[in-house]
Amino acid sequence: MRMSRRQFLLSIPSLAIAMSCAQPGVASELEPDELDIRAVAALVAKRTPLLIDVRGVEEFTVSHIVGALQVAPDTSPDALVKLLAKRLKGTTVILYCTVGTRSMGLGINVQEDLLKAGAKSVYVMKDGLVAWANADLPLVDHMGPTRFVHPSDQATRARFSDPGRARFEPRR
């Protein structure tokens, strides 16, 4: 029997917790649509989306997309809406992480609440920062432009077209 994406995500213990943190045992049935990196890059060029980086602080410190806000993957819908309240009205929200798993987990959990709070749409960036880096799209860190991405784990290194882009520590 084939598992749905939601069933797969719920089978990952850390995501199951994140997806149910707003109301224990309950996650939204809504699954955000995915946008490929070219569509996200076009929106970023127009400065229209609200980018949410769904990775840990240490990953975000290595690199992120210009203008992105970092939030933990287990952020509750209430906390995210409160954080973004003044910025949501009519905005396209794009969630991303390293490969798309954590951002989809959070997206499933918060999409409904973000839309009710005024967001125009909620998307997940397909294949995450690995795809973004593989397409050589711009990334920044605290020092400016960078080419590095925190791979989240050793297995993810294989997804980079240039494994030398994987970096676990921020530049100093």
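The values are calculated or read from the model by the stated rules, or taken from the named source; none is laboratory data. As the structure is a prediction and not an experimental result, all values here were calculated from the model. Positions of Cβ are backbone-derived with ideal geometry, glycine not excepted, and every protein chain shown enters the neighbour counts. These area figures cover heavy atoms from the full protein model, side chains too; ligands, DNA and RNA do not enter into them. Shrake-Rupley method; radii C 1.70, N 1.55, O 1.52, S 1.80 Å.
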Residue among A85, A68 that is aliphatic (A, V, I, L, M) and modelled with pLDDT under 95: A85
Per the filter on the range 111-143, residues open to solvent by 60 Å² or more (accessible area, probe 1.4 Å) and over 30 Å from P163 (Cβ atoms) are E112, L115, K116, K120
From the options S121, S152, residue that is farther than 16 Å from L51 by Cα and hydroxyl-bearing (S, T, Y): S152
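Here is a yes/no grid of residues against (1) among the polar types (S, T, N, Q); (2) under 19 Å from P170 (Cα atoms); (3) outside any helix (DSSP H, G or I):
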| residue | (1), (2), (3) |
| --- | --- |
| G105 | no, no, no |
| I108 | no, no, no |
| E112 | no, no, no |
| L115 | no, no, no |
| G118 | no, no, yes |
| V124 | no, no, yes |
| L129 | no, yes, no |
| A133 | no, yes, no |
| V140 | no, yes, yes |
Qualifying residue in the range 117-138 (condition: on the phi > 0 side of the Ramachandran plot and at pLDDT below 95): no
Taking the range 39-92, which residues are among the aliphatic types (A, V, I, L, M), open to solvent by 40 Å² or more (accessible area, probe 1.4 Å) and within 15 Å of K120 (Cα to Cα)? L43, A85
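Inside the range 144-169, can you point out the residues that are open to solvent by less than 30 Å² (accessible area, probe 1.4 Å) and either touching a helix residue (DSSP H, G or I) at 6+ places or on another chain (Cβ under 6 Å) or aromatic (F, W, Y) (or both)?
First, pick out the residues of the range 144-169 that are open to solvent by less than 30 Å² (accessible area, probe 1.4 Å): 144, 146, 149-151, 156, 160, 165-166.
Across the range 144-169, the qualifying residues are V149, H150, P151, F160, R165, A166.
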